[in-house]
Amino acid sequence: MENNTRIGVFFCNCNGKITEKVDFEPIASEVKKLPKVEYVRESQNLCAHLEGELICKEITKNQLNRIVVVGCASAKEEGFFKEVLNKAGLNSHLLSMVNLREECCAVHEKSAKSAAKALELTKMGIARANNLEEVSFGEIPVNRTVLVIGGGLAGLETALETAARGFKVILIEKEDKLGGRLARVNSIIGVDHNPADLLEEKVKAVTSNPTIDVRTNTKLGDLDGNIGGFTAWFVKDGVETSVEVGAIVAATGVQTIFCPVKYGLGIADNVIGQMKLERLLADGKDFTHKRISIVIGKGTEAFNLPFVIAVKNALLLRKKFNATVNVFYTNIKVGGDNWEKMYTDARGAGVNFFKFEDNIEIVANNGEIIVNYEDPFLKGKMPGVFKVIADYIVLPEELVPAEGTDELAKILRLELGPASFFSVDNAHILPEMTSRDGIYLVGSCQSPCFANEVEISAKAVAEEIFQKLDAEQVSTELTQPYVDATKCVVCLTCYRCCPHGAITIEHGEQFKNLYFSAAQMNPLACRRCGICASECPGKAIQLPDYTDDQILVQLEAMEVLP
């Protein structure tokens, strides 16, 4: 710690919002008496541009090297004052914010107690400032190769988008050819292209791109490292090879499970699921004047995709083949781009929609399918069971993660969500991110989605990777926790509890302990959550800006013993 610490304290009354509840004058008088406080000033609005320039001059004139701002402490204001410190030639981490507005003025009326609390909070901020340390920047070498797992539409789109931003791409597919489920569908919602033509176009673009390395019959066997420096082991024909990559995108998609037994039916040519219907339509099957019943909503309400596909195919069967189409549903989810219009068009074209609640019975009888159901809307006027006869019955399929998702999640060290799909990190900020920086999700591996959503997702991930790995050397603040190797006993507590996979165990004589080993935090992968520091039983880990000393001196300043 510097012996020549000189602290400047700046009071901001936020245009009168704070001084309505707290009088700054007696607080400032007390603050001036504190050791190492060299300068104190009050302002109406410290966030003003001219105030920022004035603070810079005051820092230089008074040789201040720690700054305390007493007022509010939102991220926006903190960012402003950090810029001011940088302009004045100080490290931006030598700033302590005291939030009087929310922590005192917003919750108390003007009184002696609120004034005492305001003084206490200010003393805590000054005590923290006295123990702040500089945080430097570091140049981290990174690998700019992107690994894409999955050769379906999501994988193809992601490979093209990342390659277009100057990355080398390795695309691995466990099957012997690219395409995934796209090769087996008749039409795609929201896309004008014929699926076969779209697939051919994407596959040709990928295979002809010199920066994309396509490897079929290949699976990911193991993974080590973090963003910018992953080591991936591929398995092909029982042979394992390793490759260095900087980022990984999982685009493994979704699979369907067709189980007619749930509805009391066996396997038959006229008992099909939506995927089988798609294949029959793509193969040119003639459904002219056929009677077709479609069941949706029973056990499929977790996702929108089954509803929209059913309505799309019902409309197609009615328009193209003049078929008699009856849709049985418990609920209709068409709240999306043009989905409501598609539903309205289907009704207008003559598709019948029959609602049922719990009781629906489907019986196969001499090649015909009989659907018995009770209509909840007609219970009062026409009670009883209604019977509808069909030539074909289209039953809902279960949408589940692609085969091998569990195994892949363990390799990537990612959590799975409630439906066993990959769990996103934050659905509102960037749904494609995971709990580990450098590993991303595109397409239906996180939740069944539509083709237009896949395109948007692929672009978002490619841009995020570009922002993270925009050069061979990435400059970043070294704000990750640091480890005192003399206290580290390599108990692996931090390694196990880190939700972001940012911790590795390094070995070498530079670690002065019994094991010549210590935990190390990757500055690109760490999100500064502080879990490792709080969990370390040996107190070997410290989080910059929130070290034990910085917290303890604040407790001492408010006269509370730890």
**Asked** Scanning for something surrounded by 18 or more Cβ atoms within 10 Å (Cβ to Cβ) and either assigned to a strand (DSSP E or B) or assigned by TED's automatic domain parsing to the domain that holds Leu315 (or both), does the range 185-199 turn up at least one residue?
**Response** no
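Yes/no matrix, rows are residues, columns are (1) in contact (Cβ under 8 Å) with a residue 60 or more places away in the chain; (2) loosely packed, with under 12 Cβ neighbours inside 10 Å:
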residue	(1), (2)
Asn338	yes, no
Ala346	no, no
Asn352	no, no
Ile369	yes, no
Pro376	no, no
Gly380	no, yes
Ile389	yes, no
Glu397	yes, no
Thr405	yes, no
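Give the residues of the range 393-418 that are outside any loop (DSSP other than H, G, I, E, B) and among the charged types (D, E, K, R), sorted by residue number.
Scanning the range 393-418 gives Glu398, Asp406, Glu407, Lys410.
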Meets criteria (touching a strand residue (DSSP E or B) at 6+ places or on another chain (Cβ under 8 Å), surrounded by 15 or more Cβ atoms within 10 Å (Cβ to Cβ) and closer than 22 Å to Asn15 by Cα) for Val40
yes
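Here's the yes/no breakdown for (1) in a helix (DSSP H, G or I); (2) in contact with a helix residue (DSSP H, G or I) (Cβ under 9 Å, 6 or more places away or on another chain); (3) touching a residue at least 60 places away in the same chain (Cβ under 8 Å); (4) farther than 28 Å from Thr547 by Cβ:
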position	(1), (2), (3), (4)
Gly16	no, no, no, yes
Pro35	no, yes, no, no
Val40	no, yes, no, no
Leu64	no, yes, no, no
Phe80	yes, yes, no, no
His93	no, yes, yes, no
Open item on the list: Looking at the structure I just gave you, is Lys379 over 45 Å from the mean Cα position of the chain (by Cα) and in a loop (DSSP other than H, G, I, E, B)?
Closed with: yes
Scanning the range 126-181 for residues that are modelled with pLDDT of 95 or more and of a type in the set (Ser, Thr, Tyr) gives Thr145, Thr158, Thr162
From the option list Ala159, Ala116, Ala154, Ala164, single residue qualifying as aliphatic (A, V, I, L, M), surrounded by fewer than 17 Cβ atoms within 10 Å (Cβ to Cβ) and closer than 17 Å to Lys202 by Cβ is Ala164
Residue check, Val214 within 24 Å of Asn143 (Cα to Cα) and either outside the structural domain of Arg436 (by TED's automatic domain parsing) or assigned to a helix (DSSP H, G or I) (or both): no
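Would you confirm, using the coordinates I've provided, whether Asn313 is touching a residue at least 60 places away in the same chain (Cβ under 8 Å), surrounded by fewer than 18 Cβ atoms within 10 Å (Cβ to Cβ) and polar (S, T, N, Q)?
Details: touching a residue at least 60 places away in the same chain (Cβ under 8 Å): yes; surrounded by fewer than 18 Cβ atoms within 10 Å (Cβ to Cβ): no; polar (S, T, N, Q): yes.
Against the criterion (touching a residue at least 60 places away in the same chain (Cβ under 8 Å), surrounded by fewer than 18 Cβ atoms within 10 Å (Cβ to Cβ) and polar (S, T, N, Q)), Asn313 does not qualify.
Name the strands (runs of 3 or more DSSP E) wholly inside the range 437-523 in which the number of residues that are surrounded by fewer than 18 Cβ atoms within 10 Å (Cβ to Cβ) is 2 or more.
Values: elements: 439-441, 473-477, 503-507, 517-521.
Fully inside the range 437-523 and qualifying: 473-477, 503-507.
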Residue set Leu147, Leu132, Leu90; condition out of contact with any Asp or Glu (no Cβ under 8 Å at 6 or more places or on another chain), crowded, with 23+ Cβ neighbours inside 10 Å and not basic (Lys, Arg); output residue Leu147
Query raised in the report: Taking the stated definitions as given, is Ala451 under 27 Å from Leu147 (Cβ atoms) and either modelled with pLDDT of 90 or more or in contact with a Cys (Cβ under 7 Å, 6 or more places away or on another chain) (or both)?
Result: no
Q. Part of a loop (DSSP other than H, G, I, E, B) and on the phi > 0 side of the Ramachandran plot: does that describe Asp545?
A. yes
Of Leu100, Leu119, the only residue that is touching a helix residue (DSSP H, G or I) at 6+ places or on another chain (Cβ under 7 Å), under 13 Å from Glu20 (Cα atoms) and aliphatic (A, V, I, L, M) is Leu100
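The values are calculated or read from the model by the stated rules, or taken from the named source; none is laboratory data. Just so we're clear, the structure is a prediction, and the values are computed from it rather than from any experiment. FYI the Cβ positions are ideal-geometry reconstructions off the backbone, even for glycines, and counts take in every protein chain you see.
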